[in-house]
Amino acid sequence: MTDTAIDIKPQRSQWADVWDQFKTHPGAVLGMIFFVTICLLVLFGPLLWHFSPHDMMIRDRNQGPSWVHPLGTDQLGHDAFAQILAGGRVSLLVGVTAMGISIFLGTFIGVLAGYFKRLDGLLMRLTDLFLALPLLPLLLVIIMLFRDTLRMAFGPETGIFILIVFVIGITSWMQTARIVRGDVLALKEQEFVLAARSIGTPPHRMILRHVLPNVMSPIMVSATLGIANAIITESALSFLGLGFPSDFPTWGKLLQIATERMTLNPAQVMWPGLAISLTVLSVNYMGDGLRDALDPRIRGR
Amino acid sequence: MSAQQPLVQVRNLKMYFPIYRGVLRRQVGEVKAVDDVSFDIFKGETLGLVGESGCGKSSAGRAILRLYDVTDGQIILEGTDIAAMHGKELRQLRPEMQMIFQDPQASLNPRMTVASIIAEPLDEHRKLDKRARMERVFELMDAVGLNRDFANRFPHEFSGGQRQRIGIARALALNPKFIVCDEPIAALDVSIQAQVVNLLEDLQERMGLTYLFISHDLSMVRHLATRVAVMYLGRIVELASRDQLYEDPRHPYTEALLSAVPEPDPSLESTRERIILQGDVPSPSNPPKGCNFCTRCPKVMDICTQETPPFKKLEDGRYAACHLL
Amino acid sequence: MFNFTVRRLLFTIPTLLFISFVIFFILDAAPSDPTGNLPLTIPPDVREKIRASLGLDKPMIMRYLLWCKQFFINEPLNLLDQWGLHLGDPDRLRVISFQTRSPVVDMIAERMPQTLWVVGMSYVVGVMIALPIGIISAVKQYSWFDQLGTFISMIGFSVPTFFTGVLMIVVFSTIVPRDSFFWFPSIYDTTLKVTDWASFGAQVRQMAMPVFVLALYNAAQISRFMRASMLDNLNQDYVRTARAKGLRERTVLLVHVLRNSLIPVITVIALGVPQVFGGAIITEQVFKVNGLGQLLIIAIQGGDIPTVQTLTFIFAVLIVLFNLIADILYGILDPRIRYD
Amino acid sequence: MKMKSILLGAAAALALAPAAWAGRGDSGHLNIIYWQAASIMNPYLSGGTKDIDASSMVLEPLAHYDENGNMVPTLAAEIPTVANGGVSKDLTSITWRLKPGLKWADGSPVTAKDVEFTANYCMDPAGGCQQLAKFADVTKVEAVDDLTVKITFGKPKPFPYGPFVGATTPVIQARQFADCMGTKAPTCTDANFKPVGTGPFKVKEFRANDTITLVANDNYRDPNKPAFATVTFKGGGDATSAARSVLETGEFDYAWNLQIAPEVLAQMEAKGKGTILSGFGPLVERLMVNLTDPNPKWGDERSTVKHPHPFLTDKAVRQALSMAIDRKLLVEVGYGKAGKVTCNVVPAPAIYNSPNNESCKTQDIAGANALLDAAGWKKGPDGVRQKNGVRLSILYQTSTNAVRQDFQELIKSWWKQIGVETELKNIDAAVFFGGDQSSPDTFQKFFADIEMYANNFDGTDPEAYMGSWKCSEIPSPENAWLGSNMPRYCNPEYDKLVAEMAGTADIKKRAELVIRMNDMLMQNYIMIPLVHRGNVAAAANTLTGVKLNVWDSDLWNVGDWARK
């Protein structure tokens, strides 16, 4: 019967449609290719590249690009390419994870505050509190309290990673929360929410099914900006002594160290800057494409 | 007609929205959106609820479905009072009663496909496997006259009438006994209105549905309803069977309303005498003392400004609230 | 709306008190110390005496209450004094910085002008260019304008100001010859007073680079939100309806779509305003603007609790205030959101 | 008159230094940039170098140190010594005589009462005076007459030049600060920001942590000085941009403390707008070795003498760590002209510099390996040496700073070559040096195996400094971690030498003692000196008279500066 024939169709699910739409967005596809390339590079690059980020060719300091060192060397004679690859691992991981935490917290609190009127006041004052907290002293307190514990539990690198991701995450969710709340407030008054209520949809599914998909676009922007923010913040943290150990390169740190030597060795400042910008740009285009693809009104066009 | 069983009994239903004023949010009054309303809805009938916009008819409809918390009174659905129910209990009764909304655009989530919109009630209340679920969705789409191929489309791809069909299909999904139609055709083109109304009638016949049909369109109500209740400023002023009401309105407000309905017959239309009401509808937060209608009633008497007229039975199945009667 | 506002304002008082306590608690718990930056030649026992003279030997709660008294009672009274109204003991102690031994509020007042000029101006410029860019990018989605705007704003956001600022200085202060029209000072002169056209010109010149760097950063972020929000709304049915009604495209966009799109953007903009007063720590440092951001960072590094506490608290007040403004603006822009 | 000016002109042409002959204010405006902004103009309330330097333009002590570390009288008529009778034979008092006719900037005369007041101001127990250590053992300061002041010590002071010598302890005006004693010290904002002084300049406008505007002092004792009429003292930013503003953009005339990458500095200097000045005081960047066990398992007793370190108590290990380091490279990478290789903790003044430790100047990885082999430390499968289950694994901490992080990385790589595993940790400077009781990250608590920082002493006398490594100076929970003996070194012989020095007045004998103590510390590898660090400053080429002084304020002779 036709039933079976048609039954197959819905199996093709929305995700296939989303992918179809995503594919038609050249920026998004390019962004994704680029992002995947960067990920693969930083993941496998260090295994293949003939210099380790810890190799110091101290007599070849501050060199420009050459065949041996395609991106040149830094002030201690590290191979810049090896450093960028190794730094990318940390930066990308920190960027994506911290952004994830921040977006999750922001969306969670924003939706709760916007949807449940009773929680609104309390949660928004909590947001105010977090916005008002002085970041630096807070960081110092957090390091003091947790650095040694985490270092012992997870080793110096993983411990610091957890700390950094946690710190960036819990100090950057507020803007997302406010935006999401604003959108939810408006969305809640829409009739389809009332319709779902008349069906008896419980609040958690109401949020997942009706509210969240309709506030995706500001969340998507926050996420894109969040990655850049986390990568930069990480570099600021390492200069406060909260970052990774000194021999542990990250893009932000490489950029900051190289800035001082900008006129001396311009290449060194260009690479990490380029890496950060292109990553953020590619994530942004992916987000753009994904947002379009997730919006059926655009997909239909 | 006589041995009718009430499906829904509304008793002294009150829906007040408190008004807070001042810095300390003291309650200084309330909007009496629905003020002491009682009526029955019988199984299989269509009760029309008419009145000007803002008279509280939509609030009454939503209160009866418990989309709002009611202030006081009883709503008895098949013997169970749901007025004070909450949470799980209420949720279990949801399949019994459904709603069709005024704005077919706004009432459909733009990010869900037709199939998932229609299936949402099923997902919430029936444990169906994928296949059974889809079958039911197609069944419903057939029932409301939607092409099955549209199942994967999104609301914005449809016309207003089609969207309303989606809304109807969603309301029907759980085989409800009682449906509140909250001005379901007000937002549609006239040509589509008829189609939707015919569909509703058709479905009622086939599935034995009971409707509370809220509308400000008296001619449509006349076409559709079995009995009609007229609301003014949160109260029901008259309740009667359709024919009685349209042919012999008793309450001055009903008279005035009906006088505004154009007659299809041109000869009658020319003789129609329009009663033009003076003034505006008073604010529901500050209704006049005595009869709510006293400020605009052409037949106002002294007593009207003193005492609230009781909602009394005039004859079998006929009620009104007026000192004249 | 008025009552909503007044009620929220009243509600902010306990909120702010609570925030002030939390801030104080964190500052106290933080391991930085007012003697931390002193040369190591100062022996430990002298350091202890210095701490004691700053009152750090007293329990935390006492110091908090003292700050409350100084900030909430003595400072306002002092303000009244300046207006010629003398109340209470004239010898009352104001909030005194550990580092400079001078009233914190006076230092803040001294720094307000340059912060408002540079950071405030950059914010205004940022918003002014972000909104049109966001709107045009959305209306002409995927046009070359949109692509270019996206590219520039992403670069602007992802390249930190410590880099762009130094780059600007290298180009416009060192490579460009000093006597050229395109030469800009790398060091901001906070003592410059605008009295005539020449000094006005000098002021504009010294503001140009920091304002540009910061405006780029601000604009990048806001234009992203503006664009996304516009795109969201452009696909709504009411836009089609409005067009179908035969409204002019300009009216559709600027009246209907823009109004609805502004809601999330308003949040972003409103949340950004307190940050203007928070200063831009890195940019201020790069161009030596020495505004509120620099005051805060120096105070934090120096363990100057009264200064950090006062600055942060004022900052908190502004955050709460501007969140309230954002909420009120929601109500104005979207009548569906009701506060009662 | 005419004749005189012609003569002067000729003389100037010959000397090629016309500015030296110019009168007060002839050189116009001077721009100074300190990348750390001055917070206050009162050195008694802030020990920060930036504040002391800024105030040294206004406030003056009785005597200065010149660029060679010699004392020169400033407000005093001469330097009191035992020979000229100024210092009592029993070394318990010193009597200063002021130059006659000195005036404060407000025109009032400078008297011995002002000196007496200044001492009392600082010694007030409630005032929190930051230079209190300078007044150690002072029992009484009294004005004998208008121009004579006598300082009495509670015990013999072989080096009685603590108070009022150098920019850290200038004389302040009694009249201005009369109401600012003790607990009232912080309330005198006006006095603290605009002190009335005797120096070449006076404050016109003080913006805390930002800019100070100064003008020439009309009552300065030399009628032809200062050459500059006005000074802007700008603060803020970072060292690189401060250097840039002098060497590259030419917006400023003098920049202080330019600890930046040597190659960057050299590149800037090549622009030809300014000159880099450097001078060497006693500042040494060093590694401190923890002789006690920082293992967290000891709880409250970690890093205390109760638990000796598992392997750093082995001298062979400490020595090997030192031998593995290429100090020349460290200097080249981190400091360039502003650093020298040193094997001593007291490398200056020259008389105190020990000649006995030259071996450390060359890196010897092979030697270090051999030493460890001989001591029984065998390389395990992971390349890390171990003995009896103890691995040579080091936690190496320092404050956050670009050069220090580079050093950490280099040293880690060298130690790896001798089979020592290193974990690096860096801590915000304000926390590391902060001494906060609750923080585990302070340099006093030393919850690590090795820590790196730089230290020096004030002025030219190392007596107090050498006392840092006495047994009684070991930080521990009992003394609230107050103490400067970071390695937790305890040697009665060393303590004896310290005591001996306290009773020795003869400068040659004192030098001998310092060298013996220095060698004792060095040859036991209690600390591992890395670099003798200099002060670096940049001055515009148009400026003349600048003499970088590492013993005193950078601006000690700002009154002599002039435009070429």
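The values are calculated or read from the model by the stated rules, or taken from the named source; none is laboratory data. In this text, all values refer to a predicted model and were calculated from it rather than measured experimentally. As a convention, Cβ positions derive from the backbone with ideal geometry for all residues, glycine included, and neighbour counts pool all protein chains shown. Areas reflect the complete protein model, heavy atoms only, side chains present, ligands, DNA and RNA absent. Shrake-Rupley method; radii C 1.70, N 1.55, O 1.52, S 1.80 Å.
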Problem - Whichever residue in the range C:285-317 is among the small types (G, A, S) and in contact with a Leu (Cβ under 8 Å, 6 or more places away or on another chain) and, among such residues, is farthest from the other protein chains (Cβ to nearest Cβ) - result: C:A299
Exercise for the section: Kindly check whether there is at least one residue in the range A:189-210 that is of a type in the set (A, V, I, L, M, F, W, C), away from chain B (no Cβ under 14 Å) and open to solvent by 20 Å² or more (accessible area, probe 1.4 Å). Expected result: no
Handout entry: For D:C490: the one exception among (1) closer than 24 Å to D:G467 by Cβ; (2) open to solvent by 10 Å² or more (accessible area, probe 1.4 Å); (3) not in a loop (DSSP other than H, G, I, E, B)
Key = (3)
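In the range D:145-161, which residues are over 21 Å from D:A502 (Cβ atoms) and surrounded by 23 or more Cβ atoms within 10 Å (Cβ to Cβ)? Quick ask: steps written out before the conclusion?
In the first step, residues of the range D:145-161 are kept if they are over 21 Å from D:A502 (Cβ atoms); the result is D:145-150.
Selection gives D:V149 alone.
Would the range D:131-144 turn up any residue that is over 29 Å from D:P462 (Cβ atoms), away from chain C (no Cβ under 14 Å) and open to solvent by 40 Å² or more (accessible area, probe 1.4 Å)?
Yes.
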Handout entry: Tally of residues being modelled with pLDDT of 90 or more and not β-branched (V, I, T) across the range D:234-247
Key = 6
Exercise for the section: Please specify each residue of the range D:324-361 satisfying the condition of being polar (S, T, N, Q) and part of a helix (DSSP H, G or I). Expected result: D:S359
Problem - Where a residue in the range B:124-147 is more than 13 Å from B:I166 (Cβ to Cβ) and in a helix (DSSP H, G or I) and its partner, wherever it lies, is open to solvent by less than 40 Å² (accessible area, probe 1.4 Å) and of a type in the set (S, T, Y), with Cβ under 6 Å and at least six apart - result: B:E124/A:T201
Exercise for the section: Considering every residue within the range A:266-285, establish whether at least one is open to solvent by 10 Å² or more (accessible area, probe 1.4 Å), assigned to a helix (DSSP H, G or I), within 14 Å of chain B (Cβ to nearest Cβ) and of a type outside the set (G, A, S). Expected result: no
Practice task
Tell me which residues, restricted to the range B:113-155, are of a type in the set (F, W, Y) and more than 10 Å from every other protein chain (Cβ to nearest Cβ).
Solution key: B:F150
Handout entry: Residue pairs meeting the criteria (Cβ under 9 Å; at least 6 apart or on separate chains; first at the interface with chain C (Cβ under 9 Å from one of its Cβ atoms), in the range D:202-218; second assigned to a strand (DSSP E or B) and open to solvent by 40 Å² or more (accessible area, probe 1.4 Å))
Key = D:T211/D:E205; D:T213/D:K204; D:T213/D:E205; D:T213/D:T230
Handout entry: Pair list, Cβ < 6 Å and 6+ apart or interchain, from the range B:216-232 residues that are touching a residue at least 40 places away in the same chain (Cβ under 8 Å) to residues that are open to solvent by 30 Å² or more (accessible area, probe 1.4 Å) and assigned to a helix (DSSP H, G or I)
Key = B:A225/B:R242; B:V228/B:R242
Exercise for the section: Kindly check whether there is at least one residue in the range D:340-360 that is under 19 Å from D:G534 (Cα atoms), within 14 Å of chain A (Cβ to nearest Cβ) and not aliphatic (A, V, I, L, M). Expected result: no
Exercise for the section: Could you list all residues from the range D:98-116 that are more than 19 Å from D:Q176 (Cα to Cα) and surrounded by 19 or more Cβ atoms within 10 Å (Cβ to Cβ)? Expected result: D:L98
Fill in the blank from the handout: Considering the range B:156-215, residues that are open to solvent by less than 10 Å² (accessible area, probe 1.4 Å) and small (G, A, S), and then whichever is farthest from the other protein chains (Cβ to nearest Cβ), we arrive at B:S215
Exercise for the section: Any chance you could count how many residues in the range B:40-57 are more than 18 Å from B:L218 (Cβ to Cβ) and part of a strand (DSSP E or B)? Expected result: 3
Exercise for the section: Evaluate the range D:376-394: report whether one residue or more is open to solvent by less than 10 Å² (accessible area, probe 1.4 Å) and within 14 Å of another protein chain (Cβ to nearest Cβ). Expected result: yes
Handout entry: Contacts under 6 angstrom Cβ, first residue in the range A:65-92 being of a type in the set (V, I, T), partner at pLDDT below 85, 6 or more apart
Key = A:T73/A:D60; A:T73/A:Q63
Completion exercise
Given (1) open to solvent by 10 Å² or more (accessible area, probe 1.4 Å); (2) out of contact with any Phe, Trp or Tyr (no Cβ under 7 Å at 6 or more places or on another chain); (3) in contact (Cβ under 8 Å) with a residue 24 or more places away in the chain, D:E463 misses just (2)
Completion exercise
Counting only helices (runs of 4 or more DSSP H) entirely within the range C:108-183, those with at least 2 residues that are touching a residue at least 12 places away in the same chain (Cβ under 8 Å) and within 9 Å of another protein chain (Cβ to nearest Cβ) are C:144-158, C:161-169
Completion exercise
Selection over the range D:436-459 where residues are in contact with a Gly (Cβ under 7 Å, 6 or more places away or on another chain), open to solvent by less than 20 Å² (accessible area, probe 1.4 Å) and either touching a residue at least 40 places away in the same chain (Cβ under 8 Å) or more than 13 Å from chain C (Cβ to nearest Cβ) (or both) yields a count of 2
Fill in the blank from the handout: Among helices (runs of 4 or more DSSP H) entirely inside the range C:196-298, those with 1 or more residues being among the small types (G, A, S), under 19 Å from C:S173 (Cβ atoms) and free of Cβ contacts under 8 Å to residues at least 12 places away in the same chain are C:197-234
Problem - Which numbered condition B:Q74 fails, given (1) more than 8 Å from chain A (Cβ to nearest Cβ); (2) part of a loop (DSSP other than H, G, I, E, B); (3) over 22 Å from B:L200 (Cα atoms) - result: (2)
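Matching residues to (1) in contact with a strand residue (DSSP E or B) (Cβ under 7 Å, 6 or more places away or on another chain); (2) more than 7 Å from every other protein chain (Cβ to nearest Cβ); (3) surrounded by fewer than 21 Cβ atoms within 10 Å (Cβ to Cβ); (4) charged (D, E, K, R):
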| position | (1), (2), (3), (4) |
| --- | --- |
| A:L150 | no, yes, yes, no |
| A:L163 | no, yes, no, no |
| A:V167 | no, yes, no, no |
| A:V215 | no, yes, no, no |
| A:S222 | no, yes, no, no |
| A:I227 | no, yes, no, no |
| A:S235 | no, yes, no, no |
| A:Q256 | no, no, no, no |
Practice task
Would you check which residues across the range B:90-112 are open to solvent by 10 Å² or more (accessible area, probe 1.4 Å) and within 7 Å of another protein chain (Cβ to nearest Cβ) and list them?
Solution key: B:R91, B:R94, B:D103, B:Q105, B:A106, B:P110, B:R111
Practice task
Consider only pairs whose beta carbons are under 8 Å apart and that are at least six residues apart or on different chains; among these, list those whose first residue lies in the range B:184-201 and is outside any helix (DSSP H, G or I) and whose second residue is among the small types (G, A, S).
Solution key: B:P184/B:G167; B:I185/B:S215; B:A186/B:S215; B:A187/B:G160; B:L188/B:G160; B:L188/B:G161; B:D189/B:G160; B:D189/B:G161
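Would you tally the residues in the range B:58-71 being of a type in the set (V, I, T) and assigned to a loop (DSSP other than H, G, I, E, B)?
2
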